[in-house]
Amino acid sequence: MNIFKRLWRRIFPRQPDLELSFVEGDTPPENLSPGHLVVAREGDELWAAALLCPCGCGERIELALIEEATTKWRLVSEERLSPTLHPSVWRKTGCRNHFWVRSGMIVWCKD
Ligand SMILES: [Zn+2]
């Protein structure tokens, strides 16, 4: 990164695409707002994460985080402004977008 970019970042820090929040329980809330990744947890156990598709199509995406799920994701970083999920999210229906959530940013995959 060159010095100007670094300086720019220092003056104008990047706003995250996704901000993380938690709710108590095993299900993420019905109503989600864009730019939010909501994780349902009971105590230490993370159940599921939900977000609105970041492409703007408005579809709800729900990801299982529990150990027992066959297809599951892991919340690698639980930082409020820089959540990271693993693996990527690939929508098989609707907009069919494919993206990573890394450090609060949406990283689009070109497939
Ligand atoms: Zn979409």
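Quick notes
- Compared with the direct C-alpha span, the chain from SER21 to CYS109 gains 29.2 nm at full extension, assuming 0.36 nm per residue.
- Look at the alpha carbon pairs under 8 Å that are at least 6 residues apart: their mean separation over the length of the chain gives a relative contact order of 19 percent.
- Fraction of antiparallel bridges per DSSP, the chain only, in percent to nearest 5: 75
- Placing pseudo-labels 7 Å out from each Cα toward the beta carbon at TRP90 and GLU67 gives an inter-label distance of 2.7 nm.
- Cross-link partners for LYS110 among the lysines, with Cα-Cα distance under 18 Å and sequence neighbours closer than 8 places in the same chain left out: LYS92.
- Debye log10 I(q)/I(0) for the chain, one point scatterer per Cα, at q = 0.13, 0.18, 0.22 Å⁻¹: -0.51, -0.89, -1.24
- The simple Förster model, with R0 at 25 Å and r as the Cβ-Cβ distance, assigns ARG60 and ARG14 a FRET efficiency of 0.45.
- Note on the chain: dipole from Cβ charges, positive end direction compared against LEU85, LEU65, LEU32; the farthest Cα belongs to LEU85.
Read-outs: derived from the displayed coordinates by stated rules, not from any lab. As the structure is a prediction and not an experimental result, all values here were calculated from the model. Glycine also receives a Cβ, built like all others from the backbone with ideal geometry; neighbour counts cover every protein chain displayed.
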